[in-house]
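**Student:** Supplied in structure tokens, the structure appears directly below.
Laboratory data are not the source of any read-out in this text; all were calculated from the coordinates shown. Predicted, not measured: the structure shown is a model, and the values here were computed from it. Positions of Cβ are generated from backbone atoms using ideal geometry, with glycine treated the same way; all protein chains shown enter the neighbour counts.
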Amino acid sequence: MAGRVDVSIDGGVAVVTLASPGKLNAVSVAMWQELARVFGEIGDAESLRVVVIRGAGGNFAAGADIEEFDRVRHDPSSGRQYHIETIGNALAAIDRCPVPLIAAIEGVCVGGGLEIASLCDIRLAADTARFGVPIGRLGFPLALPELVPLLRLVGPAVAAEMLLESRILSAEEAEVRRLVTRVVPAASFETELQLCIAHIAAGSPLAARQNKANIRRFQSRGLDYTQHELDESFAFLDSHDYHEGVRAFLAKRPPNFLGK
């Protein structure tokens, strides 16, 4: 059965599920292309408050589909197209998503799967999850654009450990290395995931998107900002969400945030 990307939307929550039966959700070319399309649309959906990325059947994703390599990356030219266009477009679409992203990680999360998870804002992992980029055993390095999110997340020392040793890390080891946000028992994973979703969804979508954008800006450019950016950062004071949040707090009632 061919791999697919399933999308469900309930209220302000979208769940994007990687599904490749029998392959631990290895991501095929068609799935990379579908991810680019899906996240292009999600980025324009103002009603969304949270996006969850997960895998079907108890695993996140076992990287790219190696069975396709002879066809899609058999020489430098095809390899460049595969990594820069096929994978690169998908990762760029995920990275550009303004909505808070949760990676719900169970089981295997390696290679391309880890690249996807690295782009999420929160990585919630079951204590049975495993992480790695063991591509050295397959005879190739990590493509430059795909290395950037990993370096941004864990730094050069941990990236070198994972790539040079081809180590597979336990969830506990991944948490110590700040590869994941937090680890929870597998038995209570779904409960913890729903709590995480609820906490984000209960807040102002406007504030959440702006906080995410600010964090990403400082990650990519350092901690400097322009006078214009500083001035723009106070535009929220004219928003519905700000005034609604303060009024609701003073009235001791739940706020009705609209994201504007």
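**Student:** Leaving out same-chain residues fewer than 8 places away, which lysines sit with a Cα under 26 Å from that of LYS212?
**Tutor:** LYS260
**Student:** Under 15 Å from the Cβ of GLY222, count the other residues' Cβ atoms, weight Lys and Arg +1, Asp and Glu -1, and hand me the total.
**Tutor:** Numbers: positive: ARG152, ARG216, ARG217, ARG221; negative: ASP224, GLU229.
Every neighbour counted, the sum reads +2.
**Student:** Using only DSSP helix segments of four residues or longer, with each worth -39500 (n - 2.57), what per-residue ellipticity at 222 nm results for the chain after dividing by its residue count and rounding to 500?
**Tutor:** Values: 11 runs with 116 residues, N = 260.
Value at 222 nm, helices only: -13500 deg cm²/dmol.
**Student:** Then there is this: At ARG217 and ARG152, where each label point lies 7 Å from the Cα along Cα→Cβ, what is the point-to-point distance in nanometres?
**Tutor:** 1.5 nm
**Student:** Further question: Does region 9-109 come out rounded, prolate or oblate, given a ≥ b ≥ c as the square roots of the eigenvalues of its C-alpha gyration tensor, rounded meaning a/c under 1.5 and, failing that, prolate meaning a/b above b/c?
**Tutor:** Note, shape of region 9-109 comes out oblate.
**Student:** If I model a spin label as a point 7 Å beyond the Cα along the Cα-Cβ vector, how far apart are those points for GLU172 and ARG4 in nm?
**Tutor:** Placing both labels 7 Å along Cα→Cβ, they lie 3.9 nm apart.
**Student:** By what distance, in whole Å, do the Cα atoms of region 125-175 stretch along each of the three principal axes, largest value first?
**Tutor:** Computed over region 125-175, the largest-to-smallest principal extents equal 29, 23, 16 Å.
**Student:** Here's a follow-up. Quick one: plug the Kirkwood hydrodynamic radius of region 4-200 (C-alpha pairs) into Stokes-Einstein at 10 °C, 1.306 mPa s, and report D in µm²/s. Show your work: numbers first, answer last.
**Tutor:** Values: Rh = 16.7 Å.
Rounded, D is 95 µm²/s.
**Student:** Work out how much length ALA92 to ARG37 would gain on full extension: take 0.36 nm times their residue separation and subtract the Cα-Cα distance, in nm to one decimal.
**Tutor:** Working it through step by step, the gained length comes to 18.7 nm.
**Student:** Can I ask one more? To the nearest 10 degrees, how steeply does helix 189-202 sit against the main Cα axis of the chain, on a 0 to 90 scale?
**Tutor:** The answer is roughly 40 degrees.
**Student:** A further question on this structure: R0 = 30 Å: FRET efficiency of LYS252 with LEU195, Cβ-based, nearest 0.05? Can you show the working numbers first?
**Tutor:** Working: r = 23 Å, r/R0 = 0.75.
The calculated FRET efficiency here is 0.85.
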